[in-house]
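First up is the structure itself, then whatever we jot down about it.
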Amino acid sequence: MARSSEAAQKQAVRAAPEFKIDDHIFYLVGQIFAKREQAMVKRLRPLKMTYNAMRALLMLLGRDGCTLGELTDATVIERTTLSRTVEGLKRRHIVRCVPRPSDRRHVEVYLTDKGRQVIGDLLPMIVEQNLEAVAGLSAAEVELLRTLLRRVIANLSRLSAD
């Protein structure tokens, strides 16, 4: 273990008694995620759409034709839950699943025309909620927040790759 890492761990242990959950970054991010989900579930109910289905559809908007595994990685939804979600969307003709020509063990997920229409209905409420969430922040602050969150994600990605 590197000296700087050891020093950082010792400092973290000494700081533990001062730990305040309300200041913990992951508590705050968790609160953002939970409050967004609570608000969005109310907006999705009339559309008979689940929060996970909305997340999957949004990912497909930019990754149409990705495999279920790729969709799992992108949405960070547990694979079994996502499989059930995609099956429900398939039954409603919002997505279609096609075996990948190069490897039929993998299934590619595509939006249907109806799926694109559903996303068209979802996007205005999602954009509105995003704007409400960052109300009071300048455009520069929003961009700084995105940059900082991407750095944290990159740091965590490196940790999980070890």
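Computed from the coordinates by the stated procedures, all read-outs in this text should not be read as laboratory data. Just so it is clear, the model here is predicted, and its values are computed rather than measured. Don't worry about glycine lacking a Cβ; one is built from the backbone with ideal geometry, like all the others, and counts go over all protein chains shown.
Observations, loosely collected:
- For segment 45-96 and segment 126-161, distance of Cα centres in Å: 22 Å
- The charge dipole of the chain, taken about its Cα centre with unit charges on the Cβ of Lys, Arg, Asp and Glu (plus for the first two, minus for the last two), comes to roughly 560 debye.
- For the chain, the longest principal axis of the Cα atoms and the long axis of helix 79-91 meet at an angle of about 30 degrees.
- Its DSSP H runs of at least 4 residues, each contributing -39,500 (n - 2.57), put the calculated 222 nm mean residue ellipticity of the chain at -22500 deg cm²/dmol, to the nearest 500.
- Taking 19 Å as the straight-line reach from the Cα of Lys90, the lysines in range (excluding those fewer than 8 positions away in the same chain) are Lys48, Lys114.
- Rounded to 10°, Cα long-axis angle of helix 51-63 versus longest principal axis of the chain: 80 degrees
- Extension gain for the segment Cys97 to Ala139, taken as residue separation times 0.36 nm less the Cα-Cα distance, is 11.2 nm to one decimal.
- On the beta carbon distance between Lys42 and Gln9, with R0 = 41 Å, the FRET formula returns roughly 0.45.
- Calculated FRET efficiency, Ile21 to Leu156, Cβ-Cβ distance, R0 = 25 Å: about 0.85 to the nearest 0.05.
- Net charge of Cβ neighbours under 11 Å - reference Leu44; Lys, Arg +1; Asp, Glu -1: +3
- Relative contact order %, segment 60-162, counting alpha carbon pairs below 8 Å whose residues are six or more apart: 22 percent
- Annotation: Cα Rg of the chain relative to the compact-globule expectation 2.2 N^0.38 Å equals 1.29.
- Under 14 Å, Cβ to Cβ, from Gly30 - net charge with Lys/Arg +1 and Asp/Glu -1: -1
- Efficiency of FRET from Cβ geometry, Glu87 and Asp113, R₀ 25 Å, rounded to 0.05: 0.80
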